[in-house]
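To keep things clear, I will list the structure first and then write my remarks on it.
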Amino acid sequence: MPFRVYHGRNFEQIPQVARLPEDLRLAIRVVAEVLPFRVNQYVVDRLIDWDSVPDDPMYQLVFPQEGMLPPDRFAQLADLLRAGSEGEALERLVREIRCELNPHPAGQTTKNVPRVGNERLWGCQHKYRETLLFFPAAGQTCHSYCSFCFRWAQFVDHGTWKMAVREVATLHEYLQAHLEITDLLVTGGDPMVMKTARLEAYLRPLVAPEFDHVQTIRIGTKALTFWPYRFVTDPDADELLELFSFLVERGKHVAVMAHFEHGRELENEIVAEAVRRILDTGAVIRTQAPVLRHINDDPDVWASMWNRQVRMGMVPYYMFVERDTGARNYFEVPLERTWKIYREAIRQVSGLARTARGPSMSTDPGKVEVQGVAEVEGERVFVLRFIQARNPDWVQRPFFAEYDPEATWLDQLRPAFGAERFFFDE
Ligand SMILES: *Cc1c(COP(=O)(O)O)cnc(C)c1O
C-alpha cells in the first residue's frame with residue numbers, strides 16, 4: 001500500500017472524487033476551507049465503499065459534507081470561492097466561521113494547562129488527578145482526519161491554538177514532581193504518526209525508579225483504522241512493538257486506546273494482523289468512539305462492533321457523546337437517543353463486551369454519564385453521574401436533570417426538582 005496523503009485543496013487528485021457529482025465536490029471544497037481535511041490512500045481504497053457515497057459511513061468519517069457548516073456560512077463561502085477570491089477576504093471569513101464553531105470546548109486551553117513555577121506547560125493537560133494528557137509536538141497530525149474531530153482546531157493553521165510539548169525534559173520534570181499521576185496518556189493528533197525513535201525518547205526513561213508512580217502508559221490512536229501498517233510493515237514497526245514489550249516487561253501497563261466508529265474499520269486482514277502483533281507484546285487495546293449521526297447512530301452497529309472487538313482480543317471502553325465543537329450540529333444525537341442506542345447495544349452483547357461505559361459527555365466539570373431516563377416522584381428526569389471529575393469528590397454521585405428530549409449536551413440541561421443549580425456549580 002503506497003503511503004499517499006491528500007489534504008486541503010488536493011482532494012481533486014483523488015480519482016474516486018473526480019468522478020463524484022458536482023455538488024459533493026463543491027461541499028468538500030467549501031467545508032475543507034474551514035475544517036481540516038486529510039485522507040490517505042488506504043482509507044480511499046480499502047475503507048470507503050464508493051458505490052454508497054455519500055451515505056457510506058467511512059465516507060462520512062473523513063470527507064467534508066455540506067451540512068457541516070450553517071447554511072448561510074456555506075453559501076457565503078461558496079460565493080467567495082466561485083468568484084475566485086483568494087487572500088484576505090477569504091481568510092477573514094474562514095477565521096470568523098472557525099471562531100463560531102467553539103474551537104476549544106471544556107476549558108481545554110484555560111483550565112487544564114498545568115504550570116511549572118510561573119510557566120504554563122503548553123502541551124500537557126492535567127484535569128483529572130491521576131492522569132496526565134501529553135501532546136508530543138511531533139504527534140500533532142493524523143494519518144487522516146475525522147470530520148467530527150473535537151481537536152480539529154489543532155490542525156488548522158492557527159499558531160496559538162496548537163498544544164504541544166517540544167521538550168522531553170519538560171514532561172519528565174512534571175511527572176517527577178507529581179506523584180499522584182498514575183497514568184500518562186500520550187495523545188494528539190495521533191502519536192502513532194511519530195517515528196518510534198521519538199516516542200522512545202519520551203517513554204523508555206519512564207522505567208527508572210523515579211517514575212515508579214506512573215504505572216500505566218496509554219497511547220490514544222486511530223492508526224488501527226487509518227494506517228494499520230504502522231504496526232506491521234512500516235520500517236520502524238518492529239521497534240515500536242519492541243518498545244511496548246520493553247515497557248511491559250519492566251512492569252508498566254501499556255494500553256493502546258484505539259478509536260473505532262464502525263465495524264467496517266475492523267474488516268481488513270491487515271487490521272487483524274496489527275491487533276495480534278500489539279497484543280503479542282503484552283499491551284492491551286481498549287476501544288472508544290462517540291455516537292454520530294450519519295455514521296453509527298444505530299445500536300446494531302455498536303453491538304456488532306463490540307462483539308468483533310472482543311473476539312479480536314480488544315476491550316470496549318467508552319461510548320462518548322459527540323462534543324460541542326466543530327461540525328457538532330451535523331453529527332449530534334439527542335442524549336435520550338444516545339442512551340437508548342447504548343442500552344439496546346449493551347443488551348445484545350455478553351458481559352465481556354459490557355465493559356463499555358457511557359454514553360459519556362466530556363464536559364468542563366468532568367465526564368458525565370447518562371445513566372438513563374427515570375420517573376421520580378412524578379417527575380421525568382435524566383439520571384446522571386460523573387465518571388471522572390475535576391474534583392475527585394464528585395465522582396459516582398448520582399444527580400438529576402429535567403427530562404428534555406432534544407438536549408444534546410450538559411449545558412442544555414436544567415436541574416430537576418426545581419433546584420437552582422447542579423451540586424457541582426456551587
Ligand atoms: C477522558 C480523559 C481522561 C481519562 O479518563 P479515564 O476515565 O481515566 O479514561 C484524562 N484526561 C482528560 C482531559 C480526559 O478527557
Given (1) open to solvent by 20 Å² or more (accessible area, probe 1.4 Å); (2) within 20 Å of Leu292 (Cβ to Cβ), number of the condition Glu33 does not satisfy | (2)
Taking region 112-125 and the residues there that are part of a strand (DSSP E or B) and modelled with pLDDT under 85, the one that is farthest from the ligand (Cβ to nearest atom) would be Glu119
Apart from one, (1) touching a residue at least 40 places away in the same chain (Cβ under 8 Å); (2) within 23 Å of the chain's Cα centre (by Cα) all hold for Ile219; the odd one out is (1)
For region 126-137, does any single residue satisfy the condition of being at pLDDT 95 or above and away from the ligand (no atom under 16 Å from the Cβ)?
-> no
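Quick grid of which residues meet (1) in contact with a strand residue (DSSP E or B) (Cβ under 9 Å, 6 or more places away or on another chain); (2) of a type in the set (Ser, Thr, Tyr); (3) assigned by TED's automatic domain parsing to the domain that holds Pro209; (4) open to solvent by 10 Å² or more (accessible area, probe 1.4 Å):
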site	(1), (2), (3), (4)
Leu241	no, no, yes, yes
Arg250	no, no, yes, yes
Glu273	no, no, yes, yes
Arg277	no, no, yes, yes
Gln288	yes, no, no, yes
Leu292	no, no, no, no
From the options Arg230, Arg218, residue that is outside any helix (DSSP H, G or I) and among the charged types (D, E, K, R) = Arg218
Matching residues, region 100-111, being closer than 19 Å to Leu185 by Cβ and either more than 12 Å from the ligand (Cβ to nearest atom) or part of a loop (DSSP other than H, G, I, E, B) (or both) = His104, Gln108, Thr109, Lys111
Residues of region 388-410 satisfying the condition of being assigned to a loop (DSSP other than H, G, I, E, B) and more than 13 Å from the ligand (Cβ to nearest atom) | Asn391, Arg397, Pro398, Tyr403, Asp404, Pro405, Glu406, Ala407, Thr408, Trp409
Exception for Val43 within (1) surrounded by fewer than 21 Cβ atoms within 10 Å (Cβ to Cβ); (2) part of a helix (DSSP H, G or I); (3) not small (Gly, Ala, Ser) falls at (1)
Scan region 6-26 for residues that are surrounded by 15 or more Cβ atoms within 10 Å (Cβ to Cβ) and under 27 Å from the mean Cα position of the chain (by Cα) and jot them down.
-> Tyr6, His7, Phe11, Ile14, Val17, Leu24, Arg25, Leu26
Looking only at region 145-153, decide whether some residue is of a type outside the set (A, V, I, L, M), modelled with pLDDT of 85 or more, closer than 29 Å to His262 by Cβ and within 12 Å of the ligand (Cβ to nearest atom).
-> yes
Just for helices (runs of 4 or more DSSP H) wholly inside region 269-332: which have at least 3 residues that are farther than 22 Å from Phe155 by Cα and not aliphatic (A, V, I, L, M)?
-> 269-280, 299-312
Give me the pairs, please: first residue somewhere in region 257-283 and closer than 16 Å to Asn296 by Cα, second residue anywhere and among the basic types (Lys, Arg) and in a helix (DSSP H, G or I), beta-carbon distance under 6 Å, and either six or more positions apart or on two chains.
-> Gly263/Arg308; Leu266/Arg308
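The values are calculated or read from the model by the stated rules, or taken from the named source; none is laboratory data. What you are looking at is a predicted structure, and each value in this text was computed from that prediction instead of being measured. Note that we place each Cβ from the backbone using ideal geometry, even for glycine, and neighbour counts take in every protein chain shown. In case anyone asks, the SASA skips ligands and DNA or RNA and just uses the protein heavy atoms, side chains included. Shrake-Rupley method; radii C 1.70, N 1.55, O 1.52, S 1.80 Å.
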